[in-house]
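Reviewing the structure listed below.
The values are calculated or read from the model by the stated rules, or taken from the named source; none is laboratory data. Not measured: the values here are computed from a predicted model. For neighbour counting, all protein chains shown are included, and Cβ atoms are generated from backbone atoms with ideal geometry for every residue, glycine included.
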Amino acid sequence: MTFDLFSPAFKRDPFAAFARMRQEAPIYAHVSPGGATTWYITRYEDVLAVLKDNDHFVKDVRNTKENKPAAPARPTLHQLINQNMLFADPPDHTRLRALVSQAFTPRRVEQTAPRIQATADELLDRVAARGQMELIADYALPLPLVVICEMLGIAAADQADVADWSQAIISPGGRGLGRRARNQKMRALVAYFERMFAERRRWPQDDLVTALVQARMEAGDRLSEAELSSMVALLLVTGFETTVNLIGNGVLALLLHPAQLTRLRANEGGWDTAVEELLRYDGPVETSTTRWVRADFTFKGHRMRRGDVVRVSLASANRDPAQFTDPDELDLARADNKHLAFGHGIHYCLGAPLARLEGQIGLQTLFGRFPTLRLAVPPEELVWRPGVLFRGLTKLPLQFD
């Protein structure tokens, strides 16, 4: 049996295909024409097992080699962007995560609430007189982008360029740049970071980039220049991409379930629980980032080989009837909602508290400001972004009175 996980039809409704996979091939091996194997894991129990197993499944492909090769003395452009904790295993992962974890404590995140609220209000003020908006470009993207850029210390005048350049990091699974255009944007982003690091060394400021630069200077070799660029790129992209899709997918789900939305509007205190259900029902990440099999072993009766690629489907796990009652139903009052939208284990999304807060404030403010909010096009005309990593809409046209 085969499953097409890349077609536009699949992206429009992946959940029917995931249901078949959970039933017929929950641990599905896709073999490329060149003979490489990618395993897709779709059941909640199995996804959780992979996410918790850092011995057999690794994030740094070099750890699949019998003798781990050293990083090159002069990192490639790709390594300048990807040499971060998302693609690292302990002890490197532990060291890198510790450097930024203090910036995302619940207390620090809560302190961003007034700025999130002010930004949401400013963005909606701009469209209020129009009677229409394109949610992604007008609201879902700029809201988290402003917040993470301010945390990092990226000037307001530079934020549009930085956001554009950062798309190169996810373009193979996102917005479809060609190789040359992608490399140009990545070079522009790295060059911008290098200038920013140099400025922060001379003139420190109260921002996260300064903290990372100083951590490298005070600890000698704790952060290499490549790790520094890569860490800031990771924080930038994950700092807004997840929330863009959380807000976009969440608005669509609420508009398609008016009875649920009506009950939510009557319960002002229910937005935190509602956001958890929206994360489960149609979350921002479809499939986690790549893992590799460290060495030959058998997982749940399937023989996996050293170097095989493993992808766990968070979206499928969150619709598994073995874990959730009526998983295909949107229930904004769902209790004991142990979804995996932000992953699990040591690679659990560091920015999850920030994304949750942005989602709660962003959605509540939007629906509170525009009670007559509605889709401007039929749902079947909406286009979903390609790729297996993120799940989000390219555009979401809306109208209101």
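Scanning segment 324-352 for residues that are within 30 Å of V61 (Cβ to Cβ) and in contact (Cβ under 8 Å) with a residue 40 or more places away in the chain yields a count of 12. Output the residue which, of all residues in segment 16-68 that are crowded, with 16+ Cβ neighbours inside 10 Å and of a type in the set (S, T, Y), is farthest from T94 (Cα to Cα). This residue is Y28. Answer with yes or no whether V293 is closer than 24 Å to W39 by Cα, in contact with a His (Cβ under 7 Å, 6 or more places away or on another chain) and among the hydrophobic types (A, V, I, L, M, F, W, C). In short, yes. Looking at segment 1-19, which of its residues are without any contact (Cβ under 8 Å) to a residue 24 or more places away in the chain, under 16 Å from T287 (Cβ atoms) and in a helix (DSSP H, G or I)? The answer is F10, A17. Here G269 meets each of (1) under 25 Å from H344 (Cβ atoms); (2) out of contact with any strand residue (DSSP E or B) (no Cβ under 7 Å at 6 or more places or on another chain); (3) among the small types (G, A, S) with one exception, condition (1).
Taking the criterion of being surrounded by fewer than 18 Cβ atoms within 10 Å (Cβ to Cβ) and of a type in the set (D, E), the residues of segment 112-145 that qualify are D121, E122, D125, E134. Considering segment 129-158 alone, what residues qualify as being outside any helix (DSSP H, G or I), closer than 28 Å to R374 by Cβ and hydrophobic (A, V, I, L, M, F, W, C)? Listed by number, the residues that qualify are A129, M133, L141. Applying a threshold of 6 Å to beta carbon distances and a minimum spacing of six or more residues, or different chains, the list of pairs starting in segment 376-399 at a residue that is over 20 Å from T242 (Cβ atoms) and ending at one that is part of a loop (DSSP other than H, G, I, E, B) and aliphatic (A, V, I, L, M) reads P397/A376; P397/V377; L398/L373; L398/A376; Q399/A376. The conditions of being in contact (Cβ under 8 Å) with a residue 60 or more places away in the chain and within 20 Å of the chain's Cα centre (by Cα) are met by D282. Residue count for segment 246-263, restricted to those that are surrounded by fewer than 21 Cβ atoms within 10 Å (Cβ to Cβ) and touching a residue at least 60 places away in the same chain (Cβ under 8 Å): 8. Residues in segment 344-387 that are in contact with a Gly (Cβ under 6 Å, 6 or more places away or on another chain) and either part of a helix (DSSP H, G or I) or among the aromatic types (F, W, Y) (or both): L363 only. Report yes if R126 is in a helix (DSSP H, G or I), at pLDDT below 95 and of a type outside the set (S, T, Y), otherwise no. Against the criterion (in a helix (DSSP H, G or I), at pLDDT below 95 and of a type outside the set (S, T, Y)), R126 does not qualify.
When segment 364-385 is filtered for residues that are within 25 Å of D320 (Cβ to Cβ), buried (at least 18 other Cβ atoms within 10 Å of the Cβ) and either in contact with a helix residue (DSSP H, G or I) (Cβ under 7 Å, 6 or more places away or on another chain) or not basic (K, R) (or both), only W384 remains.
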